[in-house]
Amino acid sequence: MDYLREMFGLDGRVALVTGGSSGIGRAVAVALGRAGAKVVVAARGEEALRETVAELRSHGCDAAYVSVDLGIGDRVREAAERAVEPFGEIDILVNSAGVNPRPHMNALTEEQWDLAMDVNLRAPFLLGQRFGPKMAERGWGRIINVGSQQGFRAFFNSGAYGASKGGLTSLTRSQAEAWSPSGVRVNTLVPGFVITPLTAQASADPVFCEQMAGRTLIGRNGVAEDFAGAAVFLSSSAAEYVTGQCLFVDGGFSGH
Ligand SMILES: NC(=O)c1ccc[n+]([C@@H]2O[C@H](COP(=O)([O-])OP(=O)(O)OC[C@H]3O[C@@H](n4cnc5c(N)ncnc54)[C@H](OP(=O)(O)O)[C@@H]3O)[C@@H](O)[C@H]2O)c1
């Protein structure tokens, strides 16, 4: 067990998980906490944030939350300062907050484009600018950007969302280029089709769900908990030689 703790344990680390109140972000926040990190979760809705903190504390973890609209630049900067108040500087940044406006390309508005870019790409950029150089100064850090298979292929009206996720994947590589020489590892976690509130409309259709499951190699759609192990790995010492990469956690969806 000492060997596993040394390799994967996050004792003494502080993590900030955006979108940590729901779906993939929440499962990742709980996993990082249970692996030893102190966790700050960030999103807008306070009730879900409080519930997540309570879940983390029920596992004996130190946890806190910051309520913020990540679509507004000044609020992102201000929330980043609030995020360091409970436990100190951030060692592990997970950008999981995301929105997916889905109109047909003909109907996609500038407002929807801006919303997707602001929440999915600009906020991770701003948080990276705040925390990445500090991680590099300290000689250790981890950034996990939650991308999407839609950053690699069109998938049911991904006009703005896919563009933002493609940008996030590129941002990951540039952040890795900048800070990897100083001990920071930056990677993209790429989900396939995962049953969460974000996909509630699509996943209410059993025929569609079955089709999506059929496109994986293992025959089922993802659940948020599927991301726990991959997130702990990418946050840990075990990922020392892994940076600038995309880790597809998609049951083989991308393998077809
Ligand atoms: N589910 C999938 O099939 C799938 C596939 C590929 C990629 N992903 C990516 O995985 C990540 C997590 O998605 P999920 O499926 O877990 O979705 P989810 O359950 O809907 O969670 C989204 C989270 O983002 C937060 N959020 C949304 N807008 C925000 C804003 N303006 N400011 C601050 N927080 C905001 C939400 O909280 P509030 O609403 O309270 O703010 C929530 O905590 C996203 O980046 C998504 O693009 C998901």
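At what distance in angstrom do the alpha carbon centres of region 223-244 and region 126-172 lie from each other?
15 Å
What is the spin-label model distance, in nm, from LEU4 to ARG102 if the labels are put 7 Å beyond Cα along the C-beta direction?
For the pair LEU4/ARG102, the computed spacing is 3.8 nm.
When the accessible area of region 43-195 is split by element with a 1.4 Å probe, what percent falls to carbon and sulfur?
The nonpolar share, carbon plus sulfur, comes to 50 percent.
Alpha carbons only, please: Rg and Dmax for region 1-152, in angstrom.
15.8, 57
Dimensions of region 74-145 along principal axes (Cα, Å, largest first)?
Principal-axis extents of the Cα atoms in region 74-145, largest first: 47, 20, 15 Å.
Please work out the C-alpha center-to-center distance from region 88-111 to region 24-45 and express it in whole Å.
One Cα centre to the other: 18 Å.
Between TRP140 and ARG34, what is the spin-label point distance in nm, taking each point 7 Å from the Cα along the Cα→C-beta axis?
Here the modelled spin labels are 2.3 nm apart.
Which number do you get for Rg(Cα) / (2.2 N^0.38 Å) in the chain?
Compared with the compact-globule rule of thumb, the chain sits at 0.95.
Express the accessible area of the chain per residue in Å², computed with a 1.4 Å probe while the remaining protein chains stay in the model.
With all protein chains present, the chain gives 45 Å² per residue.
Once amide H atoms are built 1.01 Å from N in the peptide plane, which residues 5 or more positions from LEU189, or in another chain, come under 5 Å H to H?
Long-range HN contacts for LEU189: ASN145, VAL146, GLY147, LEU247.
Once you have the Kirkwood Rh of region 1-59 from its Cα pairs, apply Stokes-Einstein at 4 °C and 1.567 mPa s and quote D in µm²/s.
Answer from the Stokes-Einstein relation: 112 µm²/s.
To the nearest 10 degrees, how steep is helix 23-34 against the longest Cα principal axis of the chain, on a 0 to 90 scale?
It works out to around 20 degrees.
Give me the one-decimal nm value for the distance between modelled label points at GLU78 and SER58, 7 Å along each residue's Cα-to-Cβ direction.
Here the modelled spin labels are 3.3 nm apart.
For every helix of n ≥ 4 consecutive DSSP H residues, a contribution of -39,500 (n - 2.57) applies; sum these over the chain, divide by its total residues, and give [θ] at 222 nm rounded to the nearest 500 deg cm²/dmol.
After summing the helix terms and dividing by the residues of the chain, the value is -13000 deg cm²/dmol.
The values are calculated or read from the model by the stated rules, or taken from the named source; none is laboratory data. The structure presented is a predicted model; accordingly, all values stated were derived computationally and were not measured. Neighbour counts are summed over all protein chains in view; Cβ atoms, including those assigned to glycine, are modelled from backbone coordinates with ideal geometry. Ligands, DNA and RNA are excluded from the accessible area calculation, which covers all protein heavy atoms including side chains. Shrake-Rupley method; radii C 1.70, N 1.55, O 1.52, S 1.80 Å.
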